[in-house]
1. Please give the number of the condition ASN54 fails out of (1) over 22 Å from ILE203 (Cβ atoms); (2) outside any helix (DSSP H, G or I); (3) open to solvent by less than 30 Å² (accessible area, probe 1.4 Å).
2. Across region 189-200, which residue is farthest from ILE43 (Cα to Cα) among those that are exposed (fewer than 14 other Cβ atoms within 10 Å of the Cβ) and not polar (S, T, N, Q)?
3. Has region 66-78 got any residue that is modelled with pLDDT under 85, surrounded by fewer than 14 Cβ atoms within 10 Å (Cβ to Cβ) and not hydroxyl-bearing (Ser, Thr, Tyr)?
4. Can you spot a residue in region 203-211 that is more than 18 Å from the chain's Cα centre (by Cα) and touching a residue at least 12 places away in the same chain (Cβ under 8 Å)?
5. Kindly evaluate TYR24 against the criterion of being in a loop (DSSP other than H, G, I, E, B), at pLDDT below 90, open to solvent by 50 Å² or more (accessible area, probe 1.4 Å) and aromatic (Phe, Trp, Tyr).
6. Of the residues that make up region 214-231, is at least one surrounded by 19 or more Cβ atoms within 10 Å (Cβ to Cβ) and in contact with a Leu (Cβ under 7 Å, 6 or more places away or on another chain)?
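The values are calculated or read from the model by the stated rules, or taken from the named source; none is laboratory data. This is a predicted model, so every value here is computed, not measured. Counting neighbours? That spans all protein chains shown, and the Cβs are built from the backbone with ideal geometry, glycine included. Ligands, DNA and RNA are stripped out before the accessible areas are found, and what is left, the full protein with its side chains, is counted by its heavy atoms. Shrake-Rupley method; radii C 1.70, N 1.55, O 1.52, S 1.80 Å.
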Amino acid sequence: MATGLTIEGSRILQCDHYILLDSYNQIVKGYLRETDFYYVFQIGIVQYQSALVNALIERWHRKTHMFHFSVGEYAVMLEDVAIILDLPTNDLPVTGLTLNNYEALEAECLDQFDVAPRKTECRGSFIKLTWFRGLKDHLVLADDIHIQSWGSTCLAHLYRALCRVTRVNCKEIDGLLTLLLTRAWIRLPFLAPIPGNLRLFPIANRWRNWEHADHPYRFRSLVHFRRALDNLQE
């Protein structure tokens, strides 16, 4: 079985990054609505439960892109992205080449933003987030916004992150852990913290700041979640 952790639990992946949300320029909100990102923008901080994430990753199979339990298999699907994050899933996919040198990144940024980062603000095919944070207050957005299947992109990114952590030398996981955990909490409610208002939408917001109502849940161990998943019954 391809797993992200050793059976003894000697390697616990780090995934608990509690980061305060950035504030957006009010003008940006209109564009967020046009690109179907407005409800995602309104999702608050959903605190992660690292032990549960690790327990799920132990049951992730890279070849099938599914979690394998004693009672069967389940996967995070495109429809889950739609109801949990309210992202569009029925339009053109978001695709593009991986830019692996500074000159290509520079040309792409000049085309998209009319400004490019310095070479020191890039690392391989990545641009440092601090550059985008500095850019956002000065960016003039174009009027011709094209709607794309952002849901597909988010799901693909989650799958990529889950497959990446199957490497034995991987120490942390990134990606849409809010999507991963919320899906698990919906399907396996006995493993979930106390939800807030059950009428909230997107569904991810039902566990916004759950720690205020169920602080002890944060300290449940990997052994606890392993046992609960092993004891699943139909």
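1. Condition not satisfied by ASN54: (2).
2. Here is the first cut: in region 189-200, the residues exposed (fewer than 14 other Cβ atoms within 10 Å of the Cβ) are 189-190, 194, 197-199.
Still in the list and also not polar (S, T, N, Q): 189-190, 194, 198-199.
Numbers: PRO189: 20, PHE190: 23, ILE194: 17, LEU198: 14, ARG199: 14 Å.
So, considering only residues that are exposed (fewer than 14 other Cβ atoms within 10 Å of the Cβ) and not polar (S, T, N, Q), the one farthest from ILE43 (Cα to Cα) is PHE190.
3. no
4. Scanning region 203-211, I find at least one residue that is more than 18 Å from the chain's Cα centre (by Cα) and touching a residue at least 12 places away in the same chain (Cβ under 8 Å), so the answer is yes.
5. When the stated conditions are applied, TYR24 passes them.
6. Yes, there is a match, as at least one residue in region 214-231 is surrounded by 19 or more Cβ atoms within 10 Å (Cβ to Cβ) and in contact with a Leu (Cβ under 7 Å, 6 or more places away or on another chain).
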